[in-house]
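The values are calculated or read from the model by the stated rules, or taken from the named source; none is laboratory data. Predicted model, so just to flag it, every value in this text is computed and none were measured. Cβ placement follows ideal geometry from the backbone for every residue including glycine, while neighbour counts extend to all protein chains displayed. Only protein heavy atoms, including side chains, enter the accessible area calculation; ligands, DNA and RNA are left aside. Shrake-Rupley method; radii C 1.70, N 1.55, O 1.52, S 1.80 Å.
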Amino acid sequence: MKKHDKKHKLTLSDIQLYSLCAIPIILVFVFCYMPMAGIIIAFKNYKFNLGMFGSPWVGFDNFKFFVQSDVFLQLIRNTLLNNFLFIVLSVFSSVVLAVLLFEVTSRNATKTFQTILITPHFLSWVVVAYIVNAILNVNYGYLNQLLGVFGMDAIDWYNKPMAWPAILSVTFVWKNIGMDSVVYYAALMGIDSALHEAAEVDGANKFERAIYITIPSLVPLITILTILKIGNIFRADFGLFYTVTQDGASGNLYSTTNVIDTYIFRSFKDNASGNSYGLTAAVGLLQSVVGMILVIATNAVSKKIDNDLGLF
Amino acid sequence: MKKEKKITQIILCTFFALLCALVIFPFLLLVSASLSNPAQLLESGYKVIPNPVDFSAYAYVLKNPTQILNAYGVTFAFSVISMVFGVLLMAMIAYPLSRRGLRGRNVINFYLYFTMLFSGGLVPTYIIVASVLHLNNTLWVYILPGLISPWYVFMMRTFFAGIPEAIVESAKIDGASEYTIFFRIIIPLSKPVLATVALFVFLSKWNDWNTALIYITDSKLYSLQYLLQKIVEDINILKENATAAQMSDLAKVPTETVRMAMAVVAAGPALIVFPFFQKYFVKGLTVGSVKG
């Protein structure tokens with residue numbers, strides 16, 4: 001960076017540049033920073049009629065109540081386990097996909113495949129929930145039809161909590177695999193083609209080149225992206241867990257699909273009077289703080305591995 | 001050797017063709033479901049190839065369009081407004097941040113970055129947006145809160161930083177203001193990243209259902225995806241506490257096939273728009289992933 005003179009004056013050009021930033025900065029302030037001030041209600045017994053500032057302080061009572069409640073361990077377990085499954089499966093499948101896609105020589109074919117594989121990413125979770133329902137529905141669903149062909153009884157999937165981590169994982173991978181593999185594919189495009197040519201001259205076949213050149217060159221990126229995903233492991237995909245499970249099929253599936261984000265939403269919605277806002281805000285704050293610490297920590301780790309690849 | 005290569009290619013392409021078919025298949029199942037005959041559905045459930053093909057669900061959707069048409073209009077309006085102003089405003093802050101000499105640049109970077117790390121959460125945000133700003137039950141609540149996304153700003157910033165500084169310098173010498181440089185030089189040179197962000201913003205707004213879930217109670221302002229979600233929720237509630245009186249309400253909600261047809265109609269535009277942006281897509285997406 002250039003050294004700045006202490007007496008450096010604002011030039012006209014600087015002022016013009018700052019003025020371009022003005023509206024976005026105000027918008028971010030209003031919609032991101034003002035709510036941050038609102039987290040004081042996590043330390044209050046929020047009463048709708050008393051408002052954000054008038055409600056009485058209760059210290060850490062909301063946090064204590066949440067941590068000691070029965071649901072706390074369930075939420076942590078479900079959030080972590082489901083996200084862990086998603087990370088492992090999606091990293092593995094998207095790397096394999098990128099490596100294979102890279103071997104396809106026709107550019108037109110690659111583009112077509114990539115476009116089709118990305119498509120599910122642009123369906124909303126609501127539409128995905130409709131699709132999942134068409135497959136799993138106990139009365140008409142395709143899967144139960146198929147089971148019927150083999151002489152098995154229809155299964156009420158929306159009543160089988162143990163099946164849902166698998167169902168959600170498949171849904172998650174299906175929706176995201178194309179998009180995730182784009183990043184890996186782009187990294188492969190960046191490998192010096194001389195490496196591949198030299199190996200070919202030395203008699204390495206396609207498989208050997210994939211094992212000794214392609215995959216090792218992806219390892220840093222895989223490490224970094226995985227670490228960053230671990231940084232977000234306390235944040236669940238609300239759309240997936242809320243719509244695809246039909247709102248936890250009204251409670252039947254909570255034991256495996258109730259996650260922090262759905263819990264926050266439900267306790268927010270069930271208390272339109274606002275009496276549990278303090279508690280709900282406390283859960284949100286806890287999630288935000290733990291999430292932030294994890295992201296910073298994992299980022300530090302990834303920077304240790306490769307200084308260029310940290311997020312910040 | 002040549003022949004071997006050809007065989008590998010054929011195997012690979014067959015594999016990907018099958019995989020693509022597998023990925024598309026669930027959506028085709030949805031389409032099949034929407035084309036089922038309601039009477040036969042009760043007897044034998046959904047069939048992969050409906051026989052007979054029955055368009056009555058679509059006929060029903062097209063004949064009773066007020067609610068869907070209204071949701072379509074609302075969704076289209078806020079999606080386009082968000083896309084145009086979102087891209088413009090994000091580019092407006094991304095450009096100064098791409099200029100190395102600008103003082104305070106790191107402060108603004110951090111100001112944006114911190115919102116990715118930490119947020120007020122659902123309840124405090126709700127209180128600000130609904131009770132303080134009174135944006136609930138307005139079109140604005142779909143547009144304003146997420147208009148500036150730091151992630152896309154940083155993507156644009158990286159792209160802008162790749163534009164040779166000499167271009168900016170020479171324009172300055174010719175007496176161009178920063179505004180002129182931004183609108184006449186930077187914007188036209190940045191089509192790939194702007195198109196990519198525009199696509200993302202449009203599609204994420206088109207698929208927005210949770211804003212309405214939290215902020216909208218006026219059915220005239222339902223977004224398309226929320227309308228779909230709301231139908232499912234209403235049915236689940238009716239099923240749970242169905243008294244005789246409420247059972248008659250159940251007859252009024254759209255039938256299974258009609259709901260599937262609505263889902264197809266709601267998903268369609270997103271799937272049609274996407275391939276047109278494809279050519280910019282991978283380029284725009286990967287350029288921004290390098291930190292700047």
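I'd like the interface area for chains B and A: accessible area of each alone minus the complex, both sides summed, 1.4 Å probe, protein heavy atoms only. What is it in Å² to the nearest 100?
Working: alone 18220 and 19210 Å², together 28610 Å².
Using a 1.4 Å probe, the pair buries roughly 8800 Å².
Would you pull out the residues with amide H under 5 Å of A:LYS44's amide H, same chain only if 5 or more places away, H placed 1.01 Å from N?
HN-HN under 5 Å from A:LYS44: A:VAL58.
Taking Rh as the Kirkwood radius computed over C-alpha pairs, what is the Stokes-Einstein D of the range B:2-54 at 37 °C in a medium of viscosity 0.692 mPa s, expressed in µm² per second?
Values: Rh = 13.2 Å.
Once the numbers are plugged in, D ends up at 248 µm²/s.
Does the range A:11-122 come out rounded, prolate or oblate, given a ≥ b ≥ c as the square roots of the eigenvalues of its C-alpha gyration tensor, rounded meaning a/c under 1.5 and, failing that, prolate meaning a/b above b/c? It would help to have the intermediate numbers written out before the result.
Details: a/c = 4.02, a/b = 1.39, b/c = 2.89.
The shape class here is oblate.
Quick one: 3J(HN,Hα) in Hz for the range A:132-143, Karplus 6.51/-1.76/1.60 with θ = phi - 60°, rounded, Gly and Pro as x.
Using θ = phi - 60°, the values come out as 4, 5, 4, 7, 9, 2, 5, 7, 10, x, 4, 5 Hz.
How big is the charge dipole of the range B:1-66 about its Cα centre, in debye rounded to the nearest 20, if each Lys and Arg gets +1 on its Cβ and each Asp and Glu gets -1 on its Cβ?
500 debye
Please compute the Kirkwood hydrodynamic radius of the range A:61-305 from all pairs of different C-alpha atoms, in Å with one decimal.
That comes to 20.7 Å for the range A:61-305.
In the range A:78-181, which chymotrypsin sites (Phe, Trp or Tyr not before Pro) fall in coil by DSSP and have 11 or fewer other Cβ atoms within 10 Å?
A:PHE150
If the only charges are +1 at each Lys and Arg Cβ and -1 at each Asp and Glu Cβ, what is the size of the charge dipole of the range B:64-287 around the Cα centre, to the nearest 20 debye?
About 640 debye.
Kirkwood Rh over Cα pairs of the protein assembly as shown into Stokes-Einstein at 20 °C, 1.002 mPa s: D in µm²/s?
In µm²/s, the coefficient rounds to 81.
Could you point to the residue in B:LEU228, A:ASN82, B:ALA77 farthest towards the positive end of the protein assembly as shown's charge dipole, with +1 and -1 charges on the Cβ of Lys/Arg and Asp/Glu respectively?
Farthest towards the positive pole: B:ALA77.
Rounding to the nearest 20 debye, state how big the charge dipole of chain A is about its Cα centre with +1 on each Lys and Arg Cβ and -1 on each Asp and Glu Cβ.
On the way: 21 positive and 19 negative charges, 223 e Å.
In total the dipole reaches around 1080 debye.
Taking B:LYS63 as the anchor, which aspartates and glutamates have their alpha carbon closer than 20 Å to its alpha carbon, excluding any fewer than eight residues away along the same chain?
Of all the aspartates and glutamates, those that pass the test against B:LYS63 - Cα under 20 Å, at least 8 places apart if same chain - are B:ASP54, B:GLU256.
Counting only heavy atoms of protein chains, what accessible area per residue, in Å², does the protein assembly as shown have with a probe of 1.4 Å?
Ligands and nucleic acids excluded, the result is 47 Å² per residue.
Give the carbon-plus-sulfur fraction of the accessible surface of the range A:241-296 in %, rounded to a whole number; probe 1.4 Å, heavy atoms of protein chains only.
Answer for the range A:241-296 is 63 percent, counting heavy atoms of protein chains only.
Could you work out [θ]222 nm for chain B from helices alone, using -39500 (n - 2.57) per DSSP H run of at least four and dividing by all its residues? Round to the nearest 500 deg cm²/dmol.
On the way: 14 runs with 204 residues, N = 292.
After summing the helix terms and dividing by the residues of chain B, the value is -22500 deg cm²/dmol.
Using Stokes-Einstein with the Kirkwood hydrodynamic radius over Cα pairs, what translational diffusion coefficient do you get for chain B at 25 °C and a viscosity of 0.890 mPa s, in µm²/s rounded to a whole number?
For these conditions, the coefficient is 107 µm²/s.
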